[in-house]
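Where a number appears in this text, it was derived from the coordinates with a stated rule and is not lab data. Just so you know, these numbers come straight off a predicted model, no measurement behind them. Methodologically, a virtual Cβ is constructed for each residue, glycine included, from the backbone with ideal geometry; neighbour enumeration extends over all protein chains shown.
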Amino acid sequence: MAVAGLHHVTAISASAQATLDFHVRVLGLRLVKRTVNFEDARAWHLYFGNEGGAPGTLITFFAAAGTRPGGRGGAGMATSWALAVPRDSLDGWKRRLKRLGVPVTESPGRFGDRALAVDDPDGLRVELVESETRAADPWPLGLHAVTLTVTDAGPTVAILEGLFGMRVAAGDETLRRVSAGAAVGSHVDVLQAPRAAQGRLAAGAIHHVAFRARDDEHQAALLAAVRASGLTASDVLDRKYFRSFYFRERGGVLFEVATDPPGFAVDENAETLGETLCLPPWLEGERAAIAAALPPLRGAARAM
Ligand code: ZN
C-alpha cells in the first residue's frame, strides 16, 4: 500500500521562458515535456527532471500569460522544495551559481543535510542538498524533500503515515521529516506553524504535491483508502503521462497520487523529450489555436 515516494511537485510561474532558462541553463535539469495545463490550455505545463524524467525527479510549472506575481507560501501549502545533488558537488555548485550571477546562500540544512539555497525567477526558494550518491556530473539527481507548512502537523502526518505508509524519520513536533524510503523523492518535511498566515496562490507559490503509485492497481487501493478515511477525492483522471487522483489533505495541502506508467516517452523519443509541444488526444483538434495563444518559448541548454 505504501507510496513509492514523491512523483512530482508543481508550482506556478509568471514566465515560462524565465522558468525554462533557470531550470535548464542554471540548475541543469532537463525539460522532459512541454505541454499545457490540461485544465486550462492557455497555460504551459513544463516538466523538468533527470534525463529520462523518472518519477521522483520531477518539478513542474504552470505558466500562462498574465499570471499574477507575488505568490507566497502559507498555512496549508507546500512552501519550498529541495533537490538532491551528488556528494562533494556543493563547492562546485557555489562557484557555478556565482559565475552565472545567481545569488546563492549557505543554507543551515536540516537533519544534518549540507545545502545551498537559491531563489528561482519567481522568488520560490530552491535548496540544493548534498546526497550520499556519487556521480560524474553535478546535475540534480531528483527531489530531496518538499516542505509542507500547516498549523497543526498531527493530521497531516497521520495521512502520510496511515494512508501513504511513510514513516517519521527525524524531527520533533515543529519540524518532522516523513520518509518513503525511496532513492529519490523520499522526504516530506512537515513544518508546524500555528500562527502561519494564509499564503497566496500566484507565481512563485507551489500548487500541489504528487506521490507515486506503482501502477493502476496500487493507485486504486490508495484511492479506496483515502475515501474510506472520510476524505473527498477526485476520480482517476488521464494525465497522458500518468493517471492521477487528487484530494486536499486535512492540513489544506492539495495532494495528487500519480502512477509511474506510462511516462514521458509515450509521445516523444527519449532523445528529443521536451522539444515540441505535446498535447493529449482530446486537445489535438485545437492544436493551432492553443499553440498560437501560448507565450513563445525558446529552448535552452545547460550553461557550462
Ligand atoms: Zn500534478
Ratio of Rg to Rh over region 121-193 (Cα coordinates, Kirkwood Rh, two decimals): 1.02
Convex hull of Cα atoms in region 160-220, direction-averaged projection (nm²): 6.0 nm²
GluC sites (Glu not before Pro) within region 136-228: DSSP coil, no more than 14 neighbouring Cβ in 10 Å: Glu173
Residue among Ala197, Ala289, Ala225 with the largest mean-square fluctuation in a Gaussian network model of the chain, springs linking Cα atoms under 10 Å: Ala289
Cα centroid of region 125-172 to Cα centroid of region 232-299, whole Å: 24 Å
Estimated FRET transfer efficiency (Ala158, Ala18; beta-carbon r; R0 41 Å; 0.05): 0.60
The chain, helix-only ellipticity at 222 nm - DSSP H runs n ≥ 4, -39,500 (n - 2.57), divided by all residues, nearest 500: -4000 deg cm²/dmol
9 Å beta-carbon shell around Ala169, net charge (K/R +1, D/E -1): +3
Stretch gain in nm, segment Ala300-Ala65, where the contour uses 0.36 nm per residue and the Cα spacing is subtracted: 82.7 nm
Arg134-Ala221 FRET efficiency (beta carbon distance; Förster radius 41 Å; 0.05 resolution): 0.70
Relative contact order of region 105-198, pairs being alpha-carbon contacts under 8 Å that are 6 or more residues apart, as %: 24 percent
Given the chain, longest segment not containing exposed loop trypsin sites (Lys or Arg not before Pro) (DSSP; at most 12 other Cβ within 10 Å): 1-133
Region 6-293, relative contact order [Cα under 8 Å, separation at least 6], %: 23 percent
Rg ratio (alpha-carbon, reference 2.2 N^0.38 Å) - region 247-304: 1.58
Surrounding net charge for His45, when Lys and Arg each add one and Asp and Glu each subtract one, Cβ distance under 10 Å: +1
Approximate spin-label separation Ala202-Leu283, in nm, with each point projected 7 Å along Cα-to-Cβ: 2.4 nm
Using distinct alpha-carbon pairs, which all enter the 1/r mean, Kirkwood radius of region 6-293 in Å: 19.2 Å
Within the chain, percent of DSSP bridges classed antiparallel, to nearest 5: 70 percent
Gaussian network model of the chain, springs between alpha carbon atoms under 10 Å - residue of Ala292, Ala220, Ala136 with greatest fluctuation: Ala136
Straight-distance crosslink candidates among aspartates and glutamates, where the alpha carbon sits under 16 Å from Lys240 and sequence neighbours closer than 8 are dropped: Glu39, Asp40, Asp215, Asp216, Glu256, Asp260, Asp267, Glu268, Glu284
